[in-house]
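The structure appears below as structure tokens.
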Amino acid sequence: MTGVRNPLYPHAVDSIVGISKWTQQIREQILEVSQHASSVLITGPSGTGKELIARAIHFHSSRADKPFIPADCAATTGTLFASHMFGHVKGAFTGARNSSLGCFRAADGGSIFLDEIGELELELQPKLLRVLQQRTVVPVGSHEETPVDVRIVAATNRNLRDEITSGGFREDLFYRLNVVSLRTVPLCERLEDIPIMSHHILAKLAIRRGTPMKQLSEEAIRRLCSYHWPGNVRELENVLERAVLFSKGEVIGPDAALFPDEMDPNPPAPRNRLSDAWSKTAPQTEPERKDTPPKYQQHWQSMEEVEREHIRQTLEFTFYNQSAAARLLKMHRNILHRKIKKYSLDDFPPRRGRPPKSPISDPQQP
């Protein structure tokens, strides 16, 4: 099935568009998995359609007429977790003027999608594990257990087995979630899907804007297929939306403003303050020549030495704000705390302020 998504059935398996081997396999797997009630763990890079797969599983299951409730585990932290996930009773805490069902009770009879499950704080994971084991929730402010009948679909862009090894994710929770495992692949590994996906995206944009559908020239398609797409499908959607907004005429050519200069098959690696700091700590060698062997430093740094220096400079850059440093390092805060202890970096000087906002919100900014 490679047709454009039927607007009457927006979450059907046909919404997984493409002709690549992976695309054909994932559509078959969705139809198979949807017939069972087992928990599903979807892994793969960001922007590769994990939620789209989760919705298709729900749509083709016997629960299709019941709710599909997405819950962002990365945004649900601290004391808000229990209330958001399990609900609360009126007066349970300051500001609780009304009762709340919470995600699990709202999804009763249907499916709950636990997005970015790898970002869930370690201290909150036992609460989720208990619900998965007992299939009951206790709303905040209540002592009464409420049964819930939900199908669990979780997704993450992290390698949870590595997280278990490093202490950032509970092994028992992993096995509760990983009954059935599906994996997405980056767009650069299925470039043959780009022409069909682009047509599909342009059709959606035309419906949304109420304008005639634009087409891509053959050269524009070749240019799209030569790019490495670090942002995956989400980046492709953004590029094509810019095309529709800024290009004139019915056909989009390769020289349109929608295609940024960095859309090059071999772009230079992005640089920022942290990558510069890393390059200073990494071992340096002279360029290798064919007629002479390379010359190495007298002291070759170990990976632990490189990691320690990189963490130290990141802490300095963030004024020793561990949460900000963990975000820049793409590391769970608990893991960072253990490494700080391991490398004896916990003798912090007094904080003199807060780190600048732009590098933290977007580490790729120069």
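The values are calculated or read from the model by the stated rules, or taken from the named source; none is laboratory data. Here the structure is a predicted model, which is why all the values come from computation and not from measurement. Every residue, glycine as well, gets a Cβ built from its backbone with ideal geometry; the counts of neighbours run over all protein chains shown.
Annotation: residue 97 fulfils all but one of (1) free of Cβ contacts under 8 Å to residues at least 60 places away in the same chain; (2) more than 29 Å from residue 24 (Cβ to Cβ); (3) crowded, with 18+ Cβ neighbours inside 10 Å; (4) out of contact with any Pro (no Cβ under 8 Å at 6 or more places or on another chain); the unmet one is (3). In segment 189-200, the residues that are surrounded by fewer than 17 Cβ atoms within 10 Å (Cβ to Cβ) reach residues that are of a type in the set (Ser, Thr, Tyr) with C-beta atoms within less than 6 angstrom, at least six apart or across chains, in these pairs: 192/20.
For every residue, the table says whether it meets (1) small (Gly, Ala, Ser); (2) under 30 Å from residue 335 (Cα atoms); (3) assigned to a strand (DSSP E or B); (4) out of contact with any His (no Cβ under 9 Å at 6 or more places or on another chain).
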site: 63; (1), (2), (3), (4): no, no, no, yes
site: 71; (1), (2), (3), (4): yes, yes, yes, no
site: 74; (1), (2), (3), (4): yes, yes, no, yes
site: 85; (1), (2), (3), (4): no, yes, no, yes
site: 97; (1), (2), (3), (4): no, no, no, yes
site: 104; (1), (2), (3), (4): no, yes, no, yes
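Of all the criteria given as (1) within 23 Å of residue 52 (Cα to Cα); (2) of a type in the set (D, E, K, R); (3) modelled with pLDDT of 95 or more, the one not satisfied by residue 105 is (3). Exactly one residue among 341, 290, 357 is modelled with pLDDT of 80 or more and either farther than 30 Å from residue 75 by Cβ or exposed (fewer than 14 other Cβ atoms within 10 Å of the Cβ) (or both), and that residue is 341. Among the helices (runs of 4 or more DSSP H) confined to segment 116-212, the ones with at least 2 residues that are within 21 Å of residue 15 (Cα to Cα) and among the aliphatic types (A, V, I, L, M) are located at 194-209.
Residue 231 meets all of the listed conditions (1) at pLDDT below 90; (2) under 28 Å from residue 26 (Cα atoms) but one, namely (1). Examine segment 153-167 for a residue that is touching a Lys or Arg at 6+ places or on another chain (Cβ under 6 Å) and modelled with pLDDT of 95 or more, and state whether such a residue exists. Yes, some residue in segment 153-167 is touching a Lys or Arg at 6+ places or on another chain (Cβ under 6 Å) and modelled with pLDDT of 95 or more. In segment 45-54, the condition of being assigned to a strand (DSSP E or B), within 20 Å of the chain's Cα centre (by Cα) and surrounded by 14 or more Cβ atoms within 10 Å (Cβ to Cβ) is met by no residue.
Within segment 201-210, which residues are touching a residue at least 12 places away in the same chain (Cβ under 8 Å) and loosely packed, with under 14 Cβ neighbours inside 10 Å? Matches in segment 201-210: 207, 209. If you go through segment 217-232 and keep only what is out of contact with any helix residue (DSSP H, G or I) (no Cβ under 6 Å at 6 or more places or on another chain) and not basic (Lys, Arg), you end up with 217, 218, 219, 220, 226, 227, 230, 231.
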